[in-house]
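Structure record follows, encoded as structure tokens.
The values are calculated or read from the model by the stated rules, or taken from the named source; none is laboratory data. Given the structure is predicted, the values throughout are model-derived calculations rather than measurements. Positions of Cβ are generated from backbone atoms using ideal geometry, with glycine treated the same way; all protein chains shown enter the neighbour counts. To get the accessible areas, we keep the full protein, side chains included, count just its heavy atoms, and leave off ligands, DNA and RNA. Shrake-Rupley method; radii C 1.70, N 1.55, O 1.52, S 1.80 Å.
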Amino acid sequence: DDTTAFQNALAAHGSVYVPRGTYLISSTITLGFGQSLTGSGQSSILSAGSSVPAVIEMAHGYGKISDLRIEGGDIGLLLRGRLGPCVQNTVRDVTFWLQGRGVVLD
């Protein structure tokens, strides 16, 4: 399970690079204000079980996710202003596989 590693990296740094590989996610990874998660394309895979409500949540503004493949979870990407206004977020070259819902704007 790689969830804690992602959460700790985002707590310590504004930008986190996801190298090639498959990373198992057991709970939602939350991006706060201005944080980014960037991979190396389709070979950077975040894989979650169906019990994960959302694989990634962008809970504030000015965040970015790019060059990732997100597999599983009920929702692949949830954008909602839970921590602040959810504005000016960027999603680029992200592929969603096997979710109940790929992207949810709340």
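Relative contact order for the chain: what is it in percent, counting Cα pairs under 8 Å that are at least 6 residues apart?
Computed over the chain, the figure is 23 percent.
Excluding ligands and nucleic acids, what accessible area in Å² is computed for Val103 using a 1.4 Å probe, to the nearest 10?
Accessible area of Val103: about 80 Å².
Using the Karplus curve 6.51 cos²θ - 1.76 cosθ + 1.60 with θ = phi - 60°, what ³J(HN,Hα) values do you get for each residue of segment 7-14, in whole Hz, with x for Gly and Pro?
4, 5, 5, 5, 5, 8, 9, x
Taking all pairs of distinct Cα atoms, average 1/r, flip it, and tell me the Kirkwood hydrodynamic radius of the chain in Å to one decimal place.
Here the Kirkwood hydrodynamic radius works out to 13.1 Å.
Give me the percent of accessible area attributable to carbon and sulfur for segment 1-88, probe 1.4 angstrom.
52
What whole-number value in Å² describes the accessible area per residue of the chain for a 1.4 Å probe?
Per residue, the chain has 49 Å² of solvent-accessible surface.
Rounded to the nearest 0.05, what FRET efficiency do Val91 and Leu24 give with R0 = 25 Å and r taken as the Cβ-Cβ distance? Could you check?
0.70
What order, most packed first, do the peptides 3-11, 54-62 have when packing is the mean number of other Cβ atoms within 10 Å of each residue?
The peptides rank, most packed first, as 54-62, 3-11.
If you filter segment 38-81 for trypsin sites (Lys or Arg not before Pro), then keep DSSP loop positions with at most 16 other Cβ within 10 Å, what is left?
Sparse-neighbourhood loop trypsin sites (Lys or Arg not before Pro): Arg80.
Whole-Hz Karplus ³J(HN,Hα) for segment 15-31, in order, using 6.51 cos²θ - 1.76 cosθ + 1.60 and θ = phi - 60°, x for Gly and Pro?
Once θ is set to phi - 60°, the couplings for segment 15-31 become 10, 10, 9, 10, x, 4, x, 10, 10, 7, 10, 10, 8, 5, 9, 9, 9 Hz.
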